Amino acid sequence: MSRPALQLVTKPAHWAKMMASVRFELLEAMRAIAPCSAREIALALDRPADALYPHLRALVRCGVVRDVGERPGRTRPERVYDLVADDFRPSFKGAARGATARVVDRSMQTMAGIVARTSRKSAAAGRICYERGRENVVGKVEHAWLTADEFAHVRQRLRSIKRYLDARRTRRDGALYMTAFFMIPVARSRGAVVSRKTRR
């Protein structure tokens, strides 16, 4: 069953529910394997299937996952779930700016937490290699002064990388990697003031 490439999520409350840590990971797993059962999602996430049903129901209520019926399982029939689109993006028209900022901030924190947990698990399993010429991990934090046009340019390049990775999310060769992109305006209570030359 084909899905539209993108669905806009217009309600901040729905986006906030989607960004709960387990639900975000669940959606990401489904982007690679849906339509699928809770058991298949559980295998992809290394979590118990029973714990996923409340999250699946919440995502169905938010309108981003749909129950597409039943199929024979190993011991009994199992429910099958699919995404309503390949990807989702917030579009909160008419929402208060502060409320939108809080929802986006929660999204960033959720993503950072998932990256941190994945790093811990990979390190504990001996999967991270940083030997010269064999590195399989990249991590950088950078600060740069950008104009609005320069920010738009970097954002477009990150979206290009996302499209490259999206095209490879259903493959099963090589190794499974996770990446996260963050570009956030920096707010400081002191220091780091924009110079007059920069403002021109």
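Brief remarks follow.
- If you go through the stretch 179-200 and keep only what is open to solvent by less than 60 Å² (accessible area, probe 1.4 Å) and at pLDDT 90 or above, you end up with just A180.
- The stretch 162-178, subset aliphatic (A, V, I, L, M) and open to solvent by 80 Å² or more (accessible area, probe 1.4 Å), residue farthest from A112 (Cα to Cα): L176
- Among the conditions (1) under 23 Å from A44 (Cα atoms); (2) in a helix (DSSP H, G or I), R168 misses just one, which is (2).
- Residue check, V104 under 19 Å from E40 (Cβ atoms), of a type in the set (A, V, I, L, M) and open to solvent by less than 90 Å² (accessible area, probe 1.4 Å): no
- Some residue of the stretch 45-68 being part of a helix (DSSP H, G or I), under 19 Å from R171 (Cα atoms), out of contact with any Pro (no Cβ under 7 Å at 6 or more places or on another chain) and at pLDDT below 95: yes
- Within the stretch 19-64, being in contact with a strand residue (DSSP E or B) (Cβ under 9 Å, 6 or more places away or on another chain) and under 18 Å from D166 (Cβ atoms) holds for L26, L27, A29, M30, R31, A34, P35, C36, A44, V64.
- Here A32 does not fit the description of being surrounded by 12 or more Cβ atoms within 10 Å (Cβ to Cβ) and over 15 Å from the mean Cα position of the chain (by Cα).
- Enumeration of residues in the stretch 123-160 that are in a helix (DSSP H, G or I) and touching a residue at least 12 places away in the same chain (Cβ under 8 Å): F151, V154, R155, L158
The values are calculated or read from the model by the stated rules, or taken from the named source; none is laboratory data. Here the structure is a predicted model, which is why all the values come from computation and not from measurement. All Cβ positions, even for glycine, are placed from backbone atoms using ideal geometry, and neighbour counts span all protein chains on display. Ligands, DNA and RNA are stripped out before the accessible areas are found, and what is left, the full protein with its side chains, is counted by its heavy atoms. Shrake-Rupley method; radii C 1.70, N 1.55, O 1.52, S 1.80 Å.
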